[in-house]
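The structure under discussion appears below in the form of structure tokens.
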Amino acid sequence: GYEGIYPYIYCGIPILFLIPLFFANKEIKKKKKVCAVLVFLFLLGSMLIPSLYNFMHAFDEPNQLGFRFAFLWSYVCCAIGCYQCRFLNKKNWRMIICEIICFIIVYVIVNMFVKNETKTGFLPPYVLLIINILCVLIWGGIYYLIITERIKKISLSFLILFVMMAEVISNGYVIYRCVGADTLER
């Protein structure tokens, strides 16, 4: 059994924008898209189907369950996102706006239906919702700047680096506070 440990798959908001663009891109051959779907399905199966999971560990006693497959899944998502970056153009802007709207709607709906079991005593849930919506909007704006080329590449690079660092630090802090890592016994 999985003993309550499940993999966490998340590559970041920039990749969440690029994956749908990859599958909607008419310039990319269907063969590559089918290959990507097959890899995703195989890795998902490796995380969820015990016999395949066991096979992938060469019938040895596996540990950490699906985490290594989640890491591989994230790597494949990042590789697909990097591949899609070369195809970014002004035609993608309408789809990015649709993605922003969809991400916000899905995030709000998920927050409404999921019990807030995570302790975030220092931040109310609506503040976290607003922060995440702002992150989606900021990354959407960055993609707008990339596509329209309205900013110099060096300035854009520093902006992307700053936003990535701010997002990682703020999310790390929230996770640190939620888990209670500061109160763990040593």
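Summary table
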item	result
Qualifying residue in segment 81-89 (condition: surrounded by 15 or more Cβ atoms within 10 Å (Cβ to Cβ), of a type in the set (Lys, Arg) and either at pLDDT 80 or above or touching a Cys at 6+ places or on another chain (Cβ under 8 Å) (or both))	no
Which numbered condition HIS57 fails, given (1) at pLDDT 85 or above; (2) more than 20 Å from the chain's Cα centre (by Cα)	(1)
Conditions (1) in a helix (DSSP H, G or I); (2) at pLDDT 80 or above: number failed by ILE28	(1)
Cβ-Cβ under 6 Å pairs, at least 6 apart or on other chains, segment 148-159 side assigned to a loop (DSSP other than H, G, I, E, B), far side among the aliphatic types (A, V, I, L, M) and surrounded by 10 or more Cβ atoms within 10 Å (Cβ to Cβ)	ILE151/LEU145
Filtered residue count, segment 60-80, keeping only those that are modelled with pLDDT under 90 and either open to solvent by less than 80 Å² (accessible area, probe 1.4 Å) or touching a helix residue (DSSP H, G or I) at 6+ places or on another chain (Cβ under 6 Å) (or both)	9
Those residues of segment 133-156 which are more than 14 Å from ILE13 (Cβ to Cβ) and open to solvent by 70 Å² or more (accessible area, probe 1.4 Å), in sequence order	GLU149, ARG150, LYS152, LYS153, ILE154
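The values are calculated or read from the model by the stated rules, or taken from the named source; none is laboratory data. Bear in mind that the values here come from a model prediction, so they are computed numbers and not experimental data. No Cβ is skipped: glycine too gets one built from the backbone with ideal geometry, and neighbour counts run over all protein chains shown. Note: accessible area is taken over every heavy atom of the protein model, side chains too, but ligands, DNA and RNA are not part of it. Shrake-Rupley method; radii C 1.70, N 1.55, O 1.52, S 1.80 Å.
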